[in-house]
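Any read-out appearing in this document is the output of simple, stated calculations on the displayed coordinates, not a laboratory observation. If you're wondering where the values come from, they're calculated on a predicted model, not measured in any experiment. Cβ: placed from backbone, ideal geometry, glycine included. Neighbour counts: every protein chain shown.
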């Protein structure tokens with residue numbers, strides 16, 4: 001499929017700006033509130049930002065005017081970048097899972113559920129909007145890098161939705177006088193998100209490695 005280089009670059013730049021905003025918002029607010037799951041959400045956005053920059057560099061290298069073998073380069077570089085993304089996200093999920101289990105063993109974490117819920121609403125709306133833009137225009141660009149980027153934002157949207165749902169439950173528990181159980185909502189959300197979302201990056205890695213094997217086998221035959 002033909003890749004619209006200009007649209008691909010614009011979409012990756014858009015994703016970079018959005019990831020930077022949500023990374024700073026999540027990590028800053030999460031540390032201030034002492035919320036493990038909000039830090040996790042912000043850290044995911046920061047990882048997304050780093051990986052998007054890698055995608056931008058890869059796209060720039062592949063489509064450089066000086067390169068005459070852009071198709072051959074893309075066949076190797078694109079799946080390599082996607083596989084690396086999957087590996088990094090998988091490792092982040094594993095570290096987050098360990099941190100959350102440790103927090104549960106230590107009696108949970110007290111968080112201002114009302115303020116966290118406001119963050120959750122803003123995050124869900126923003127991440128969903130970013131995902132929809134990348135998904136819609138990503139198909140027009142014909143870029144595998146933008147497709148992988150949209151999958152990252154899909155994960156971030158659902159993570160943010162889970163965070164919001166968890167803090168709704170925590171707010172209800174506090175309201176009915178069961179605040180001692182509300183302290184476990186924050187780390188439990190991270191455990192659930194880590195287990196569920198490790199599936200997506202693993203699939204990303206598997207698909208990218210398969211593409212690399214096919215390309216390498218083709219090159220050996222030719």
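When each of the peptides 26-36, 170-180 is scored by the mean number of other C-beta atoms lying within 10 Å of its residues, the order from highest to lowest reads 26-36, 170-180. Which percent of the Cα-Cα distances in the chain go past 23 Å? The proportion of pairs with Cα distances above 23 Å equals 49 percent.
Highest GNM mean-square fluctuation among 101, 47, 39, for the chain modelled with Cα contacts below 10 Å: 101. For the residues 147, 186, 156, a GNM of the chain with alpha-carbon springs under 10 Å puts the largest fluctuation on 147. For the chain, adding -39500 (n - 2.57) for each run of n ≥ 4 DSSP H residues and dividing by the number of residues yields -30500 deg cm²/dmol at 222 nm. In this calculation the C-beta distance from residue 10 to residue 202 is compared with R0 = 35 Å, giving a FRET efficiency of 0.75.
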